[in-house]
Amino acid sequence: MPSEKSKKRPVLVQVETPNLIPERDLGTIPVLQAEHLGIDFGGLTAVDDFNIAMGHTEISGLIGPNGAGKTTIFNLLTNVYKPTRGTILLDGYSTAGKSVTEVNKMGIARTFQNIRLFDQMTVEENVLVGFGNAMSTHLLTDLLRLPKHWRQEAEFHEKALELLDIFDMRRYADARAGNLPYGAQRRLEILRALATGPQVLLLDEPAAGMNPAETEELMENIRQIRDRFKIAVLLIEHDMSLVMGVCEVVGVLDYGRIIAKGTPEQIQSDPKVIEAYLGKQGVK
Amino acid sequence: MAAMLSVRDLHVSYGAIKAVRGISFGIDEGEIVTLIGANGAGKSTTLNTVAGLIKAESGSIEFRGEDIAGVKAHNVLKRGLALCPEGRRVFTHMSVAENLEMGGYTRSDEENRETLAQVFDHFPRLKERREQQAGTLSGGEQQMLAMGRALMSRPTLLMLDEPSMGLAPVLVEEIFAIVKQLNEAGTTILLVEQNANMALTVADRAYVLETGTIKKSGTGAELLVDDDVRKAYLGG
Amino acid sequence: MTRLGKAASDASVAYRRLPMVARYAINAVLVALFLVAGEALIGVKVVSRYQTGVLEQVGIYIIMAVSLNIATGYLGQLPLGHAGFMSVGGYASAIFITRMMPTMGLAAKDMATGSPAAVALFVGGIVFGGLCAAVCGLVIGIPALRLKGDYLAIITLGFAEIIRVVITNIDSVLGFTLTGGAAGLTGIPAYSSFLNVFLVVAVTIFLIHTMMKSRHGRAVLAIRDNEIAAEASGVNTTYYKTLAFVVSAFFAGVGGALYAGCIGVMDPSKFGFMKSVEILVMVVLGGMGSMLGSVISATVLTILPEALRAFADYRMLAYSIVLILVMIFRPQGLLGSYDFSLSHVIERVMNRDFPWRRRRTKKTTEEVQDA
Amino acid sequence: GGGSDTGTASDGGDASSIKVGVMGPYSGDVAQYGLACRNGAQLYFKQINADGGVNGKQIELSVQDEKGDATEALNVYNKMVEDGVSAIVGDVTSKPTIAVAQASVADNMPCVTPSATTADVISFGDNYFRACITDPFQGKVMADFAAKQGYKTVATIYNSQGDYETGVNGAFVEQAAANGITLTSEQGYAQGATDFNAQLTAIMSDNPEAVLSPNYYQDTGKIITQARQLGYKGVFLGADGWANIVGSDQDYASPEDLEGCFYDSSFVASNDDERVKKFVEDYKAEYDEDPTNFCALGYDAAMIVAAGLKAAEEEGAEAGSDDYRQAVIDAIAAGTVEGVTGSISYKGTGDPAKSTLIITFKDGAEEIFDTISA
Amino acid sequence: MQILNGLQLGSIYALVALGYTMVYGIILLLNFAHGDIIMVGGYLSWIVMARLGLNPALAVLLSVVGCMLLGVLIDKIAYAPLREAPRLSILITAIGVSYFLENGAQLVFGADAKVVPAFGDFGTVSVGGANLSVTALIIVAVTIVSTVVLTFLVQKTKFGKAMRAVSEDMGAARLMGINVNNTISFTFAVGSALAGIGAVLYCMAYPQVSPTMGIMLGTKAFVAAVLGGIGSIPGAVIGGFVVGFAEVGASALGLSVWQDAVVFLLLIIVLVVRPTGLLGRPMTEKV
Ligand SMILES: Nc1ncnc2c1ncn2[C@@H]1O[C@H](COP(=O)(O)OP(=O)(O)OP(=O)(O)O)[C@@H](O)[C@H]1O
Ligand SMILES: Nc1ncnc2c1ncn2[C@@H]1O[C@H](COP(=O)(O)OP(=O)(O)OP(=O)(O)O)[C@@H](O)[C@H]1O
Ligand SMILES: [Mg+2]
Ligand SMILES: [Mg+2]
């Protein structure tokens, strides 16, 4: 079972590979594959016949007008919504019938469009909650403060700080997450998702509310995360500079259906996409 | 001509946190003025204070020659000053139509019928979804609803707090087009934006806010080419 | 691109910390000192019998408040049936101990002597009481935790009322003597003393503390702060909600067990909704999620009605006014979510980090915010 | 009035006074009983002080509220012991009284409860006495009375969460069976219930000749009113919880509805007995209201305590000593007190041997129907 | 016969539950003091009729107006300062107010129950052979009328919509030009007036008032409101009747000792099957 496998999977091992080219179509199983995915809300078909196959270290983008169904797709992929139709395979295993928690343990982590942090907890604690998947002490061990408890706490304290370093956030480690500036909150959410040890990271509008300078830095960070941990990233974004700058493949969604797919360049010049989404300005 | 809205030496705090530290600015009738600045600069705090949601610590806010500092939000609105708040804040359990109806709370039914038609012209999507529960709208749809709702009170000064946040590029364009349109139709506009590029393009004048104080001001065109501004807010 | 926050990390290295062993040792010594001093003062009658009695109740309500705080302050739910668990624990332990006494050759007055058999029976009794309450917590928790907010509140209230009706009626229905029915359970030996009540308080606080400062506790807090995000971060929300609820019920049962041994009578009608509310008031008044807050407000609110005796007929009126005023002027509770740590205070002293010298450090945090 | 009018604590009071504790619920939902007992007891002690006190010493009262809660009752008890009381009048309701009774054994503190009727109360030690008769005794009295009246079918309706009500009900049901009376239905209700129509409708489907309502007067008032509205014409039987149902300044059930019903009690204000008449007069003069059963029991409990103290004083025991307390207990156990609720004496237990009155309602007034001697 | 019993009891629960639901609907407060407001209403009726010997109509008027004012006053003094505070703090304040009213009433009126004189001699009517109490019929009728009026008020009037807007987002409601404090006061006035009506009906059916009478009545009505889906007006009414019938039904089946347990068990079953009560709107949160 994948969940058992993923339980044992060490988190955040930095994979040393010189080759950073996405391994699309290399004959390996896609890390994430969805087929004919669809969901209806009452009469509204929010998503219909959505297909995706992602390579293990691919950065893909999902764009589309407001209300196109992008966030809904994330909710389907993480089993927050049960799909009306279609299948989702993670590393070849179906996620059907799994709880949100189990899907996360299988290897899909996400952030939210409207930030959802553990506001009252510290930044480090937020990350440590994510590390929960990798921690293994029994309740009694913790209650009685056996040596194993101390060893594990120390180990993950270090790991958490290392992770925070990615976004240069170590200095915030003891701050309350809810008190962080907006941009830092968005970044912390990404780190928390990373801490759960995913194979696929879903980012819902990570650059929302960031100014262009911050966005640029974020772009760099996303690449860096992919390179260090060798995971796939799927992101939703309205900020075209980010999408065009970092994504290797982009899908365009409108009214719940994919209307175009391809490299950023292809998308940018697709008249359908310009009409439905980009507008004249979007093409800069 | 005296400014329509003039804010002088405004200070606002949340407990120990000083969010706004003595800012002064003015808006003339018919202008589009924008406030830009980084996260946490105090932009929303300024708008909320003008709208009467937050109490100022000190300073004066004059609207059409009348001091409105300390006037309650519902009375501020009656003077013709509407705020479309950050984060949309639509009434999630009410339908789109009911949300718009609430927007016209201080207006007569007849006036509302007219305004509603205009709002639906600006935002056809809202017309399509008039019976949908607002909470289930997508982010962009909710933003449109929030703007439409603010318009329902027929304000003379409309304050918009990050109206383009989370919107598709084509919609951002649309929103700014609407902003211009509204302005041309006679509504004075105070715009707070993260998307400084667009904001400066449409604005007559602009103020740059940094940690609760005004760092720079000028016409939109001036600031668009200002080096410091470009570096900090325009990513170039 | 990763620039390391150099200054900040230097600062954290420079800050001297107490080793964990020392922290626990200091606290253990303090608890021991408190117990020994208390016993001695009672022994020489500086602390009178009346005061000792009130102190024992203070200890019991501390356990009730900190245990409810798990479900309320830490898990973020609003259970209104805590008194139900208290009564289950009280009855279970009282029945267990009274039934076991003959078997173990103990008489009622031996329970106070501290002989090994009595101690074993005492421990067995309160653990048994706690376990029975925990089982009820499990039975209640499974359906209740599917609900949110006020619906959870009312369903727990409902369960507690059912527990009360059951305790009142099972004797007459099943035809044997177990709970004493409406007449109550009487003749419970006085097995709670100042010493063992406060020993149990210390153990309870220790265990709750260690649970909360571990991955399990963090999972519970995460659920409180944002359940959807917790689920998406791999927290098994069903498991941890149930766990928090059951642990909360367990300690409530322990509190009830001590109560039975302290008062000597169990009256089912006293464990209704109002008792649950009384405990909830302690938690909220102290500050949700603050263990020290719960301890302080349980102490104050237990002593307050006694202290207000001088107001005679007006004392309950005075009590209610105090309640309203405190909430109006300190809506976040006496301590908010602040929790006291002696070790942190000692560390501050070690690092000469005093409030009057903090202006400089504060400025740096402001700069951090502005950045 | 009330409150803690204690002086500073000193063992046994000073030479010129004797300290006595009076406890009960003076706030909370059973406060009316506590207050009634307190008024009765205070009246008696006031009178005895006016007459020169006990053995020339004034009685000094420590009056404490326990809200009807066992925990507070224990606190109050401990406080009183510390304040050096020589005896206690209290507690009032059963559970707090039991808590106090259990704790008081070790101190051998003489206590007289005016009104705790549960059988248990006096079983923990020899130091506890009560002024009232017990629940089971009342149930038995009424079952015997029902048999004597020749009722063949009876039903009961009682508060199933009250110890008093279940106590009387249980004994009645048992004795009724022994007396060959058919119990058609036994209906419980919850504490605080106000609507009894459902239970009464169920009872009336068998149309029993009599219905026992062993509840307090407030509930019984509603039960009888609702039953009559539903058209029930039979007899209602009750216990001393009924006392106060009519008279004073308001009627809990209309006199017509009560006509021909019976209850047992040890006190009725309309009694012709000279002692009762004087008590009623004195009480009215002091508090400007009619005394209830509880007032009378409080008064008698105080009388019993005073008699015990008098004997101990005369024996010359040292106030506050073990001997003194034992002397009080011995004197109470051996003596007889002519109280306003009858002649009270103890025969080896803390339960009094005293006569019981069967009271009925005739032409809108209470009247003694029978006296059942001890 | 038992059906009318259930209707009468259910009507009173329903009316009280409506008050809970109104207040909950707007500020998400479980107004623990609601039952005690009814108690005060009961005493007002008693004062007018028993103490002053005045007309029952005056008693009805004074109870309703008195409760209304009391409700608004409680809001202004105890709840309004806490609008921005955590919800639990207001809950505790409500508990404080509840204690205050109970103990205050006991000091003023004494602990013992007072008998409220009859509002009139209504007798019975016979319908199809059964004797029906007119009092019970009046009670049922008043409840139905109150529900209809209230539903209209909340769903159709501008003021009602303002109430809903305030309940969702006070800040946004202010921006719409809604006077939030007035709206909340109005809600308390309506909810407490319902308590006043409830008090009168209660005294008609069970003519006694005592300082603690609000506790049990309040708890049952609270259960009714939750069972129906708290915040929902028709839900409160249905909940009231369900609780009324459950109690009567339990007694009719010979389970009278377990009456309370039956009611709460029913509540639990309903909530397990429908986590937001019979008519409560599902609490979906868009992710
Ligand atoms: N729980 C729900 N119930 C009903 N409709 C829903 C629900 N969730 C989403 N929808 C609808 O599905 C559509 C897609 O919503 P979604 O949130 O996925 O849009 P999106 O592409 O993420 O848009 P945005 O970029 O504005 O965030 C919208 O029209 C929305 O109203
Ligand atoms: N309710 C609040 N309580 C405490 N502090 C607050 C609150 N709201 C804002 N602040 C603080 O006040 C400062 C100014 O915030 P404000 O929301 O006005 O900034 P902004 O310029 O609108 O930023 P953004 O672009 O993120 O919307 C920030 O430091 C923020 O943390
Ligand atoms: Mg989205
Ligand atoms: Mg802002």
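Which of the following residues is surrounded by 17 or more Cβ atoms within 10 Å (Cβ to Cβ) and more than 14 Å from chain B (Cβ to nearest Cβ): A:183, A:130, A:209?
On the way: A:183 fails: more than 14 Å from chain B (Cβ to nearest Cβ); A:209 fails: more than 14 Å from chain B (Cβ to nearest Cβ).
Every option except A:130 fails the conditions.
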Checking residue C:159 against (1) surrounded by fewer than 21 Cβ atoms within 10 Å (Cβ to Cβ); (2) within 9 Å of chain E (Cβ to nearest Cβ); (3) not in a loop (DSSP other than H, G, I, E, B), the condition it does not meet: (1)
Filter result (open to solvent by less than 10 Å² (accessible area, probe 1.4 Å), farther than 22 Å from residue B:49 by Cβ and not small (Gly, Ala, Ser)) within the stretch B:180-225: B:200, B:223
Odd one out for residue A:97, checked against (1) in a loop (DSSP other than H, G, I, E, B); (2) assigned by TED's automatic domain parsing to the domain that holds residue A:188: (2)
Search result, residues across the stretch D:78-99 that are within 12 Å of chain C (Cβ to nearest Cβ) and under 20 Å from the mean Cα position of the chain (by Cα): D:91, D:93, D:94, D:95, D:96, D:97, D:98, D:99
Tally of residues being surrounded by fewer than 19 Cβ atoms within 10 Å (Cβ to Cβ) and either farther than 18 Å from residue C:63 by Cα or at pLDDT 95 or above (or both) across the stretch C:208-218: 1
The one condition in (1) touching a Gly at 6+ places or on another chain (Cβ under 7 Å); (2) away from ligand 2 (no atom under 16 Å from the Cβ); (3) charged (D, E, K, R) that residue A:205 fails to fulfil: (2)
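Given the options A:63, A:59, name the one that is over 27 Å from residue C:237 (Cβ atoms) and more than 16 Å from ligand 3 (Cβ to nearest atom).
Numbers: A:63 fails: more than 16 Å from ligand 3 (Cβ to nearest atom).
Only one candidate passes the filter, namely A:59.
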Failed criterion for residue A:192 (all others in (1) outside any loop (DSSP other than H, G, I, E, B); (2) open to solvent by less than 30 Å² (accessible area, probe 1.4 Å); (3) touching a Leu at 6+ places or on another chain (Cβ under 7 Å) hold): (3)
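Would the stretch C:282-300 turn up any residue that is touching a Ser or Thr at 6+ places or on another chain (Cβ under 7 Å) and within 14 Å of chain D (Cβ to nearest Cβ)?
Just the residues of the stretch C:282-300 that are touching a Ser or Thr at 6+ places or on another chain (Cβ under 7 Å), to begin with: C:282-290.
After this cut, where a residue has to be within 14 Å of chain D (Cβ to nearest Cβ) as well, the list is none.
No.
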Cβ pairs under 7 Å, 6+ apart, first in the stretch C:107-132 and of a type in the set (Phe, Trp, Tyr), second open to solvent by 40 Å² or more (accessible area, probe 1.4 Å): C:128/C:96
Subset of the stretch A:67-82 (residues that are over 16 Å from the mean Cα position of the chain (by Cα) and either away from ligand 1 (no atom under 16 Å from the Cβ) or surrounded by 22 or more Cβ atoms within 10 Å (Cβ to Cβ) (or both)): A:67, A:68, A:69
From the options A:213, A:160, residue that is away from ligand 4 (no atom under 16 Å from the Cβ) and not assigned by TED's automatic domain parsing to the domain that holds residue A:53: A:160
Filter result (assigned to a loop (DSSP other than H, G, I, E, B), away from ligand 4 (no atom under 16 Å from the Cβ) and either more than 14 Å from chain A (Cβ to nearest Cβ) or open to solvent by less than 10 Å² (accessible area, probe 1.4 Å) (or both)) within the stretch B:6-54: B:28, B:29, B:30, B:31, B:52
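Here are some residues: A:116, A:85. Which one is modelled with pLDDT of 90 or more, of a type outside the set (Phe, Trp, Tyr) and more than 19 Å from the chain's Cα centre (by Cα)? Spell out the reasoning first.
On the way: A:116 fails: more than 19 Å from the chain's Cα centre (by Cα).
Testing whether each residue is modelled with pLDDT of 90 or more, of a type outside the set (Phe, Trp, Tyr) and more than 19 Å from the chain's Cα centre (by Cα) leaves just A:85.
Among helices (runs of 4 or more DSSP H) lying entirely in the stretch E:110-215, which contain 3 or more residues that are within 14 Å of chain D (Cβ to nearest Cβ) and open to solvent by less than 30 Å² (accessible area, probe 1.4 Å)?
On the way: elements: E:134-156, E:158-168, E:170-175, E:180-205.
Those helices (runs of 4 or more DSSP H) span E:134-156, E:180-205.
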Pairs where the first residue, in the stretch A:96-119, is facing chain C (nearest Cβ under 8 Å) and free of Cβ contacts under 8 Å to residues at least 40 places away in the same chain and the second is of a type in the set (D, E, K, R) and open to solvent by 40 Å² or more (accessible area, probe 1.4 Å), C-beta under 6 Å, 6+ apart: A:100/C:231; A:101/C:231
Residue within the stretch B:117-131 that is open to solvent by 20 Å² or more (accessible area, probe 1.4 Å), under 19 Å from residue E:162 (Cα atoms) and away from ligand 4 (no atom under 16 Å from the Cβ) present: yes
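Which helices (runs of 4 or more DSSP H) does the stretch B:89-151 wholly contain that include 1 or more residues that are away from ligand 1 (no atom under 16 Å from the Cβ)?
On the way: elements: B:96-103, B:109-122, B:124-128, B:139-151.
Result: B:96-103, B:109-122, B:139-151.
Taking the stretch B:152-162, which residues are in a loop (DSSP other than H, G, I, E, B) and away from ligand 1 (no atom under 16 Å from the Cβ)? I'd like the intermediate steps shown before the answer.
Pass one, the stretch B:152-162, residues in a loop (DSSP other than H, G, I, E, B): B:152-156, B:162.
Result: B:152, B:153, B:154, B:155, B:156.
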Any hit, the stretch B:165-183, residues being more than 8 Å from every other protein chain (Cβ to nearest Cβ), within 16 Å of ligand 4 (Cβ to nearest atom) and closer than 23 Å to residue B:104 by Cα: no
One residue from D:146, D:227 being under 19 Å from residue E:259 (Cβ atoms), buried (at least 20 other Cβ atoms within 10 Å of the Cβ) and in contact (Cβ under 8 Å) with a residue 12 or more places away in the chain: D:227
Cβ-Cβ under 8 Å pairs, at least 6 apart or on other chains, the stretch B:16-29 side at positive phi, far side more than 16 Å from ligand 1 (Cβ to nearest atom): B:22/B:9; B:22/B:10; B:22/B:11; B:22/B:59; B:22/B:212; B:22/B:213
Test set (1) open to solvent by less than 10 Å² (accessible area, probe 1.4 Å); (2) touching a Lys or Arg at 6+ places or on another chain (Cβ under 7 Å); (3) at the interface with chain A (Cβ under 10 Å from one of its Cβ atoms) - residue C:228 fails condition number: (1)
Residues satisfying the stated conditions in the stretch A:37-79, i.e. aliphatic (A, V, I, L, M), more than 14 Å from chain B (Cβ to nearest Cβ) and closer than 21 Å to residue B:137 by Cα: A:37, A:76, A:77
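Would you call residue A:91 of a type outside the set (Gly, Ala, Ser), at pLDDT 90 or above and surrounded by fewer than 21 Cβ atoms within 10 Å (Cβ to Cβ)?
Values: of a type outside the set (Gly, Ala, Ser): yes; at pLDDT 90 or above: no; surrounded by fewer than 21 Cβ atoms within 10 Å (Cβ to Cβ): yes.
Criteria not met by residue A:91.
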Cross-chain or 6+ apart pairs with Cβ under 7 Å, the stretch C:39-57 first and within 11 Å of chain D (Cβ to nearest Cβ), then open to solvent by less than 60 Å² (accessible area, probe 1.4 Å) and assigned to a loop (DSSP other than H, G, I, E, B): C:56/C:192
Residue match in the stretch C:318-341 (condition: open to solvent by 10 Å² or more (accessible area, probe 1.4 Å), more than 9 Å from every other protein chain (Cβ to nearest Cβ) and among the acidic types (Asp, Glu)): yes
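The values are calculated or read from the model by the stated rules, or taken from the named source; none is laboratory data. Given the structure is predicted, the values throughout are model-derived calculations rather than measurements. Glycine gets a Cβ as well: all are built from the backbone with ideal geometry, and neighbour counts include every protein chain shown. Accessible surface areas use protein heavy atoms only, side chains included; no ligands, DNA or RNA. Shrake-Rupley method; radii C 1.70, N 1.55, O 1.52, S 1.80 Å.
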